[in-house]
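The values are calculated or read from the model by the stated rules, or taken from the named source; none is laboratory data. The shown structure was predicted, so the numbers you read here are calculated from the model rather than taken from an experiment. Counting neighbours? That spans all protein chains shown, and the Cβs are built from the backbone with ideal geometry, glycine included. Keep in mind that these areas ignore ligands, DNA and RNA; they rest on the heavy atoms of the full protein, side chains included. Shrake-Rupley method; radii C 1.70, N 1.55, O 1.52, S 1.80 Å.
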Amino acid sequence: MNAVYLSGTGNSKHAVTLLLSELDANGRAVPVESADAGEAINCGELIIAYPTQFSNIPYLIRDFINEHADSWKGKKIFLITTMGLFAGDGTGCAARLLKKYGAEITGGLQIVMPDSIGDCKALKKSKEQNKAIIEKADKRIIEAAKKIREGNYPKEGLSFAAHLAGLFGQRLWFYNKTTGYTDKVKIDPEKCIGCGICANNCPTQNITVKDGKAAASSKCTMCYRCIDHCPKQAMTLLGKTLYEQPTFEKNAQSTL
Ligand SMILES: Cc1cc2nc3c(=O)[nH]c(=O)nc-3n(C[C@H](O)[C@H](O)[C@H](O)COP(=O)(O)O)c2cc1C
């Protein structure tokens with residue numbers, strides 16, 4: 001069993017790595033942006049993991065599924081999405097697309113993790129609350145792994161009711177944010193020192209450093225990795241002010 005994942009601040013990476021370690025000690029978890037991601041599909045059963053974005057799939061994951069359209073026929077796939085609060089049918093969106101290509105969806109898991117949007121005040125939690133959220137998430141993942149080993153796959157986000165919840169709860173209202181990659185990454189030239197950490201972290205190579213300053217293009221998958229790793233707090237995306245730079249490691253500090 002292998003896994004392919006997208007993770008901005010590390011939550012989905014942690015969730016999928018933990019699940020995989022419980023299910024198959026020899027399994028590989030590969031970032032979707034790595035050259036190995038396509039090859040990782042060649043296994044008995046695949047896990048695909050990603051953060052929920054407006055109750056939808058990040059565009060890079062959608063692209064990965066479409067680009068490997070020929071690989072999904074008869075493939076067994078388990079989906080995990082992580083979320084700050086509400087995913088609706090976060091797993092269901094990928095499930096429907098994969099089924100269109102003939103995949104067999106074995107189940108889905110939707111896990112609450114700390115929020116990753118550093119430039120939006122909503123959903124902000126204290127350090128203690130975030131640690132508690134991670135501890136609870138870990139317990140849920142371990143319980144889910146036990147059920148999967150017994151052949152009893154969780155089906156979170158895959159029902160028709162979840163589909164309606166995702167559609168009416170979020171997707172319809174945020175439709176314009178999820179139809180493609182975005183060009184909305186903002187970089188403050190006064191703060192940017194051209195260190196290139198953002199460019200090195202970007203899973204879509206959307207950022208380049210020119211004349212000592214970072215510049216973003218139009219292929220942002222909204223993962224927030226650049227924003228959360230910028231040493232000068234020079235970047236924003238959905239908001240205009242940066243309130244925090246969350247990463248899984250920071251949030252989990254005392255639980256690791
Ligand atoms: C652009 C964007 C949209 C998001 N939309 C949702 C959402 O609709 N519901 C939710 O509960 N969390 C939402 N989140 C929060 C993330 O899904 C959540 O923090 C996730 O665990 C981040 O995982 P990662 O660290 O692997 O990127 C959103 C985050 C981003 C960056």
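Between Ser217 and Leu123, what FRET efficiency follows from the Cβ-Cβ distance if R0 is 30 Å, with the result rounded to 0.05? Plugging the Cβ-Cβ distance into 1/(1 + (r/R0)^6) gives 0.60.
Kindly state, to the nearest 0.05, the FRET efficiency for Asn66 paired with Asn152, given R0 = 30 Å and r defined as their beta-carbon distance. Please report the intermediate quantities before stating the final value.
On the way: r = 31 Å, r/R0 = 1.03.
Using R0 = 30 Å, I get an efficiency of 0.45.
Would you work out if region 134-202 is rounded, prolate or oblate? Take a ≥ b ≥ c from the square roots of the eigenvalues of the alpha-carbon gyration tensor; rounded if a/c is under 1.5, else prolate when a/b is larger than b/c, oblate otherwise. It comes out oblate by the Cα gyration axes. In the chain, the DSSP-assigned H stretches of four residues or longer account for a calculated mean residue ellipticity at 222 nm of -9000 deg cm²/dmol, using -39500 (n - 2.57) per stretch and the full residue count as denominator.
Explain nothing, just the number: dipole magnitude of the chain about its Cα centre with +1 on each Lys and Arg Cβ and -1 on each Asp and Glu Cβ, in debye rounded to the nearest 20. Intermediate results must be reported in sequence, preceding the final value.
Numbers: 33 positive and 26 negative charges, 107 e Å.
That gives a dipole near 520 debye.
Once you have a ≥ b ≥ c as the square roots of the Cα gyration tensor eigenvalues for the chain, tell me rounded if a/c is under 1.5, and otherwise prolate or oblate according to whether a/b is larger than b/c. Cα axes put the chain in the prolate bin. The mean sequence distance of close C-alpha pairs (under 8 Å, at least 6 residues apart), as a share of the length of region 180-255, puts its relative contact order at 34 percent.
Please compute the contact order of the chain in relative form: average sequence separation of alpha-carbon pairs under 8 Å and at least six residues apart, divided by the residue count, as a percent. Please report the intermediate quantities before stating the final value.
Values: 525 pairs, mean separation 52.8, N = 256.
Across the chain, relative contact order equals 21 percent.
Placing a label point 7 Å from the Cα of Lys73 along the Cα-to-Cβ direction, the residues of region 88-128 whose backbone N falls under 18 Å from that point are 97-105. Here's the picture: a label point sits 7 Å out from the Cα of Lys186 along the beta-carbon direction, and within region 200-237 the residues with their amide nitrogen under 15 Å of it are 216, 227, 233-237.
If you place +1 on the Cβ of every Lys and Arg, -1 on the Cβ of every Asp and Glu, and leave all else neutral, what size is the dipole of region 180-255 about its Cα centre, to the nearest 20 Debye?
On the way: 10 positive and 7 negative charges, 27 e Å.
Value, rounded to 20: 120 debye.
Exposure check, 1.4 Å probe, all protein chains in place: Thr241 carries approximately 70 Å² of accessible surface. Heavy-atom accessible surface of region 2-176, averaged per residue, reaches 45 Å², computed with a 1.4 Å probe.
Rounded if a/c is under 1.5, else prolate if a/b is larger than b/c, else oblate: which is region 130-253, with a ≥ b ≥ c the root eigenvalues of its Cα gyration tensor? Walk me through the numbers on the way to the answer.
Working: a/c = 2.56, a/b = 1.67, b/c = 1.53.
Prolate, because a/c is 1.5 or more and a/b exceeds b/c.
Between Lys250 and Lys136, the contour length at 0.36 nm per residue exceeds the Cα-Cα span by 39.4 nm.
Would you mind counting up the charge near Glu45? Only other residues with Cβ under 14 Å from its Cβ, with Lys and Arg at +1 and Asp and Glu at -1. Once all neighbours under 14 Å are counted, the net charge is +1. Scanning the chain for trypsin sites (Lys or Arg not before Pro) lying in DSSP loops with no more than 16 further Cβ atoms inside 10 Å, the longest uninterrupted stretch between such sites is 126-183.
Of the GluC sites (Glu not before Pro) found in region 186-256, those that fall in a DSSP loop while having at most 12 other beta-carbon atoms within 10 Å are Glu190.
Counting only DSSP beta bridges with both residues in region 2-176, tell me the antiparallel percent, nearest 5.
On the way: 1 of 24 bridges.
The answer is about 5 percent antiparallel.
Within the accessible surface of the chain, defined with a 1.4 Å probe on protein heavy atoms only, the carbon and sulfur portion equals 52 percent. Largest to smallest in accessible area, the residues Asp24, Asp70, Asp89 fall in the order Asp70, Asp24, Asp89 (1.4 Å probe, all protein chains included).
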